Each structure stands twice: as structure tokens, then as C-alpha cells.
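One structure is given here, and the rest of the page talks about it.
Just so you know, all these numbers are worked out from the coordinates, no wet-lab data involved. Keep in mind the model is a prediction, meaning the values are calculated, not measured. Cβ placement follows ideal geometry from the backbone for every residue including glycine, while neighbour counts extend to all protein chains displayed.
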Amino acid sequence: MGNDKGGTMVMEQSNNLHSRPKLGTLFKSEPSLFPTGAEDDEVPNRKSSASMASPRCSNSTTTSGEGSPYIMSPWIQASPYVKSPWVINPSMLQADYGQDGLIASIVREEGHIYSLTAAGDLVYTGSDSKNIRVWKDLKEFSGFKTKSGLVKAIIVLGGKVFTGHQDGKIRVWKVSSTTSPSVHKRLGSLPTFKDIIKSSVKPKNYVEVRRNRNVLRIKHFDAVSCMSVNEEVGLLYSGSWDKTLKVWRLADSKCLESIDAHDDAINSVVAGFDSLVFTGSADGTVKVWKRELQGKGTKHFLVQVLLKQENAVTSLAVSRESAVLYCGSSDGIVNFWERDKHLSHGGILRGHKMAVLCLATAGNLVFSGSADGSICVWRREKGGIHKCLSVLTGHTGPVKCLAVEEDDRTSRKTDRKWIVYSGSLDKSVKVWRVSENAPDMKEIKQVS
């Protein structure tokens with residue numbers, strides 16, 4: 001449905017919905033999703049109860065605790081793939097006149113999308129197919145292969161690509177040269193082989209993870225579920241199902257700290273404002289860690305627990321414009337805290353019927369992707385009130401990851417527009433355009 005006054009389209013699709021997987025599969029990997037012979041370990045069940053009672057896209061903010069045909073890539077000679085397994089509709093690209101709503105849909109023939117990130121005009125996608133693909137103008141631009149299977153997190157920084165994997169490793173890649181920007185070469189892994197050998201000599205560098213099994217403290221021994229980077233100080237943070245938060249120095253790939261952060265799997269980590277780092281876990285807590293200088297290094301200390309609940313914390317995001325932390329949970333609710341109010345609880349956003357699996361922020365907008373297959377678009381108003389501008393639907397499976405970039409072609413100072421990429425377990429990536437100045441859903445209904 002479109003708004004005659006140029007508002008954001010509300011994309012609704014009610015037919016041909018695939019049956020959704022049980023929520024537990026969204027927080028851990030199902031063996032059936034992996035190729036035969038995958039080496040990924042089974043992970044214990046996480047807390048992941050979902051509430052079906054949340055009203056659809058409530059605009060009120062509470063102040064209490066309640067509530068194609070196949071397209072051959074021009075870079076195919078440099079790509080490890082003979083054919084692209086993605087299908088897009090070229091007519092959708094030709095018909096993009098800058099309107100809001102769905103721009104394009106890229107459907108993968110096999111593989112579930114677990115991670116994606118946007119870096120300029122490139123989009124990186126990770127799945128359970130052992131491949132990381134790079135897209136430019138929605139066409140296959142490049143790709144590189146891993147040995148570990150599921151790619152759970154991707155970060156692009158300074159010509160390097162960091163990927164977090166189910167096998168507990170963080171792999172580092174680099175564009176081979178400016179003359180061949182489509183070729184990515186693996187630089188190594190975190191921790192480095194040198195550091196592993198060096199640390200393995202001393203018994204004190206080992207920790208017991210289960211009976212009769214010790215591992216090096218600097219290594220993740222379970223899936224790397226999330227990563228975040230503080231570019232200013234050159235630190236990379238990784239969270240894992242092994243319950244630890246690790247701090248890496250980008251300059252020399254050294255693990256500076258390994259913190260026993262939670263009592264259950266860490267599902268999200270985000271480097272925030274004021275030297276703070278936020279972690280969210282399946283144990284139902286959101287914790288605040290502060291970075292402090294100690295000699296030539298840094299040390300992170302737990303300073304606050306913002307949330308403690310029965311439902312798993314599944315996603316975190318920080319709005320740098322408004323200095324607000326957002327938290328998505330398995331009950332379909334988004335909580336937020338405001339720096340200007342000393343990280344006091346700002347309210348609750350109710351817009352989903354199932355777990356909120358991913359969050360993203362851009363300008364004054366907040367995007368929440370859910371296991372119900374929808375994406376809610378929220379706008380933060382003065383006074384901390386949030387309005388639901390639209391609900392983007394079309395995915396037939398859980399929305400697992402989101403990335404947002406400003407639309408340089410249509411964005412204006414008076415009307416900022418954003419390109420939103422959403423990856424789903426329905427094996428597709430959808431591309432949307434959203435206007436920051438669009439009327440909210442209540443205003444759309446009044447003029448329709």
C-alpha cells in the first residue's frame with residue numbers, strides 16, 4: 001500500500017508463508033542446515049521462549065518496565081564460483097525511481113542468510129554454505145570460501161574483512177590489490193598461530209571448559225556469534241556461545257582480554273559511547289562494560305547490569321546520533337536506555353509477534369527484524385517517543401540480520417533516505433528504501 005503523499009510503503013504479505021522453524025533453531029544451529037560431514041559441535045538449548053501476545057506495532061512508548069534470471073558476473077573469472085546461485089528480478093532494478101518500499105529481492109537457491117554487512121557500494125553476505133559472497137549493484141562481484149561452514153558475523157574495516165564462524169574462529173581477509181578488487185585473500189585467523197604456540201607453553205593460559213577438557217583462554221571454543229569494532233581505539237570485540245567476551249587489538253591481532261561475561265551464550269555485543277561496551281546474552285541480561293587504561297593496555301570492568309529477565313536477549317544496537325541503546329528479546333519486545341538519562345530505562349517498543357533477532361539504527365530511525373518475518377521501522381521523536389512508520393513484510397522466514405546505508409542518490413538534508421538490507425532464513429536478501437520523514441502508520445491510515 002502506498003501513501004499518496006510520498007510516505008513509506010507498508011509492505012504486507014499474508015499468503016504463501018512457509019512454516020516457521022521452532023524458535024530454538026534461531027539461537028543455535030540445526031544439524032539439518034549443515035552439509036554432511038560438518039564439524040560444528042552441538043550446542044545446548046538456549047532460553048528462547050517467545051510471546052505471541054505483543055500487539056502489532058504499538059506506537060506508544062512506555063516509561064515503565066512493561067511494557068534474477070541468472071546474471072553472469074562481470075568478475076566471474078576472479079570468482080571461485082562457476083555460476084551465481086542467486087536469482088534477482090532485473091525489472092525491479094529498472095523500475096527503481098527512488099520510491100520508498102521494496103527495491104529488489106535476491107533469492108538464494110540454497111543456504112540460509114545468517115549475516116550481512118554493507119560497506120559503501122558493496123554488500124557482504126554470510127550463510128551456512130561455507131561461502132561469503134560480495135555484491136555490487138545487486139550483482140555478484142566476488143566471493144571467497146571458508147572451511148568452517150556457518151558464517152555468523154561479518155565486519156568490514158580498513159580494507160579487511162573479519163568473519164566469525166560456527167567453529168569458534170575469527171578469520172581475516174584482505175582485498176588482494178587495487179587492480180583486482182574482487183579477489184579476497186585470507187590473511188589468517190584470530191588468535192594468530194604465533195600467539196597460539198606462544199600461549200600453549202604455559203599451563204596458566206588454559207581454562208577448563210568441561211570435564212577433562214582444557215582450552216587456551218585466548219581461543220573461543222564455541223561459535224563466534226557476534227562482533228563489534230571500536231575504530232577509534234583499534235579494538236575488536238567478539239562474543240561467543242562459550243559465554244566469553246574477547247578483546248582484540250587490531251594493530252597486531254593480539255587477544256588483550258578474555259572475560260567470562262555471562263552465564264549463557266552471548267548473542268550480541270556492541271561498542272557504544274563513553275568507552276562503554278554492551279553485551280546481551282541468552283541468560284536474559286544486558287551488561288555494561290567500561291574500558292579503562294591500565295599502563296600500556298586496557299582493561300574492561302563490569303559497571304552495570306541494565307536488564308535481567310527470563311527471556312533471552314537476542315540483539316543489541318546503539319544509535320550514535322541520539323546515544324541510545326536498543327535491546328531485542330525473544331519475547332518480541334525492544335527495550336531502550338538513554339545516555340542523557342544516565343542509562344535509565346527509556347521505554348518499550350512493541351511491534352512483533354515473535355523474537356526480535358536483529359536491530360539496526362540510522363539517523364533517527366530504528367529497525368527491528370523478527371522471527372515473525374517482518375521488519376518494524378521506528379522513528380525517535382523529541383522526548384524519547386518512538387513512532388512506528390511502517391512494517392516491511394515479504395520475507396517468508398525469520399529476519400536474521402540487517403544493515404543500513406544512507407541513500408546518496410535520493411537522500412536530502414530535509415528528507416534523509418536509507419537503504420536497508422535484510423537477510424533471512426528464507427534464503428533471501430531484500431533491499432528496501434525508507435524515508436526518515438515519512439508519516440507514521442497512524443497518519444497513513446487517516447489519509448487513506
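General remarks:
- One decimal place: the segment ARG211-ASP121 gains 27.6 nm when fully extended, by the rule 0.36 nm per residue minus the C-alpha distance.
- 5 angstrom amide H check on ILE348, placed H, neighbours 5+ away: THR62
- Estimated distance in nm for a label pair at ARG320 and ILE197, the labels positioned 7 Å out from Cα along Cα-to-Cβ: 3.8 nm
- Remark: the ASP263-ARG249 segment gains 2.5 nm on full extension, using 0.36 nm per residue and subtracting the alpha carbon distance.
- Distance (nanometres) between label positions extended 7 Å along Cα→Cβ at GLU381 and ARG186: 5.2 nm
- At full extension, LYS204 and ASN437 could sit 78.2 nm farther apart than now, given 0.36 nm per residue minus the alpha carbon distance.
- With R₀ fixed at 35 Å, the C-beta to C-beta distance from LEU256 to ASP137 puts the FRET efficiency at about 0.35.
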